[in-house]
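Asker: I am attaching a structure below and will ask some questions about it afterwards.
Every number in this text was worked out from the coordinates using simple rules, so none of it is lab data. Computed from a prediction, not measured in an experiment: that's the story for all the values here. With ideal geometry, Cβ positions are generated from the backbone for all residues, glycine too; neighbour counts draw on all protein chains shown.
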Amino acid sequence: MSSVNANLVKEINLNKLRNAFKLKKTASKPQLSELTGLSVVTINSLVKILVENGEVIEDVILPSNGGRPATAYRFNSEFSLALVIYVYEQRGEDTVFICVSNLYGEVLEKIEKTMIKIENNSFDNLIEKMILKYPNIKVISFGMPGEEVGGELLISDYKALRNQFFTSYIKERFKLPVIFENDINAAVEGFCYSHGITEKQCVIGIYFPSKYPPGAGIYINGSIYKGRNGLAGEIKYLPFEIDWENFDYNEKQMKEIIIKTVSSFCCMYNPDTIVIYGEGINDTIISEFESKCNSEVERIMIPEIIISKELNHDFEIGIKQIALKALEPTVHVIR
């Protein structure tokens with residue numbers, strides 16, 4: 001076996017062992033061998049690597065029969081931490097939530113802070129304090145309304161951030177990987193995680209704020225679909241002939257727009273589920289949409305439609321899961 005192939009097999013086996021530890025939390029070498037299907041000899045060499053890295057910690061299990069203690073190994077859930085920062089309006093004020101999460105998704109610390117103005121350096125002090133307190137932070141994940149194109153924050157609810165290279169600034173300032181995701185994409189990620197959505201299912205999330213243009217997130221083939229420039233879901237540009245800058249968001253027009261938007265996504269993606277987020281949207285919109293599906297094909301395409309007021313809840317779960325995915329080890333195949 002070539003050295004390249006040997007290293008690849010080693011990395012694959014290490015990841016298999018990491019997953020077993022994460023699942024079991026604490027295990028002996030024979031248990032790990034049974035869980036992974038790897039030989040005890042292989043387990044011995046791989047466990048040594050993980051202990052030296054600090055990814056697992058040597059532990060002791062005291063048997064119930066009072067015999068000799070067995071050596072076991074415990075998964076170190078704080079070997080890598082994620083700093084998760086997300087922003088949304090709460091009680092009429094822009095509120096920033098900062099939390100530190102371990103590899104199990106458990107929150108070690110969470111704080112919230114209202115901000116009058118949000119700009120590039122608004123988060124510097126908060127990030128610096130968290131990194132000093134938790135030096136094992138290895139990724140920073142931001143969730144907020146907006147869209148990056150080529151690293152530039154082309155779309156943002158916060159004027160001072162528009163056209164700024166926000167993630168580049170944070171990355172350069174703190175020398176850590178930085179992820180940026182918008183609210184609706186993260187919310188769809190969170191919904192799919194919470195509801196055990198499979199790779200074979202397609203879920204569309206559509207957010208209709210009360211004072212801003214709508215946006216959508218598309219979950220397909222097991223991940224959020226971003227499109228060529230990352231602008232998939234910018235549905236304010238659908239050809240509905242609406243001047244969003246001067247739109248008064250009246251109930252009748254909003255109902256028509258929601259029905260047209262849901263119909264558009266049904267035709268384009270034939271999804272399993274459409275989640276409609278927004279205040280003031282009630283379940284009657286579902287029957288009104290269904291009543292407009294006149295043909296047999298249109299009726300067949302009707303998905304499960306859920307009206308949800310849990311955008312922020314799903315947003316929080318989703319942005320944390322996105323950060324945790326970034327901490328998962330990857331195997332690079334060299335050809």
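Asker: Using a simple spin-label model with points 7 Å from Cα along the Cα→Cβ vector, what separation in nm is obtained for GLU78 and LYS236?
Answerer: With each label placed 7 Å out from Cα toward Cβ, I get 4.3 nm.
Asker: A follow-up question, please. Would you please state which residues of the stretch 175-217 a label at ASN15 would reach in this model, taking the label point 7 Å out along Cα→Cβ and a backbone N cut-off of under 14 Å?
Answerer: Correct set: none at all.
Asker: Beyond 30 Å, what share of the Cα-Cα pairs of the chain is found? Please give it as a whole percent.
Answerer: Value for the chain (Cα pairs over 30 Å): 47 percent.
Asker: Taking amide hydrogens as modeled 1.01 Å from N in the peptide plane, which residues meet the under 5 Å criterion relative to GLU89, leaving out close sequence neighbours?
Answerer: Amide H neighbours of GLU89: THR95.
Asker: If the limit is 18 Å between Cα atoms, which of LYS226/LYS255; LYS200/LYS309; LYS255/LYS309 go over it?
Answerer: Violating the 18 Å limit, Cα to Cα: LYS226/LYS255; LYS200/LYS309.
Asker: Can you compute the FRET efficiency between GLU296 and SER194 using 1/(1 + (r/R0)^6), with r the Cβ-Cβ distance and R0 = 30 Å? Round to the nearest 0.05.
Answerer: My answer for the efficiency is 0.35.
Asker: Using modelled amide H (1.01 Å from N, peptide plane; none on Pro or chain starts), what sits under 5 Å from the amide H of LEU108, excluding residues fewer than 5 places away?
Answerer: So LEU108 has HN proximity to VAL100, SER101, ASN102.
Asker: Take the Cα gyration tensor of the stretch 227-335, multiply each eigenvalue by 5, square-root it, and list the three semi-axes largest first, rounded to whole angstrom.
Answerer: 31, 19, 16
Asker: Sort out the exposed loop GluC sites (Glu not before Pro) in the chain (DSSP loop, at most 11 other Cβ within 10 Å) and tell me the longest stretch that has none.
Answerer: 1-105
Asker: Using the crude model of +1 on Lys and Arg Cβ and -1 on Asp and Glu Cβ, and no other charge, please compute the dipole size for the chain relative to its Cα centre, in debye to 20.
Answerer: 1600 debye
Asker: Could you work out the per residue convex hull volume over the alpha carbons of the stretch 47-196, in cubic angstrom?
Answerer: Roughly 172 Å³ of hull volume per residue.
Asker: Now, a different point. Which net charge results for the neighbourhood of GLN253, defined as the other residues with beta-carbon distances under 12 angstrom from its beta-carbon, given Lys and Arg at +1 and Asp and Glu at -1?
Answerer: Neighbourhood net charge equals -2.
Asker: LYS325: which aspartates and glutamates have alpha carbons under 16 Å from its alpha carbon, excluding same-chain residues fewer than 8 sequence positions away?
Answerer: GLU78, GLU106, GLU181, GLU189, GLU199, GLU316
Asker: Follow-up. Using Cα pairs under 8 angstrom and six or more residues apart, how large is the relative contact order of the chain, in percent?
Answerer: Reported relative contact order: 15 percent.
Asker: Could you point to the residue in TYR169, ALA326, SER39 farthest towards the positive end of the chain's charge dipole, with +1 and -1 charges on the Cβ of Lys/Arg and Asp/Glu respectively?
Answerer: Farthest along the dipole direction, towards plus: SER39.
Asker: Still on this structure, I have one more. Toward the positive end of the charge dipole of the chain, about the Cα centre and with charges on Cβ (Lys, Arg +1; Asp, Glu -1), which of VAL96, TYR277, PHE247 goes farthest?
Answerer: VAL96
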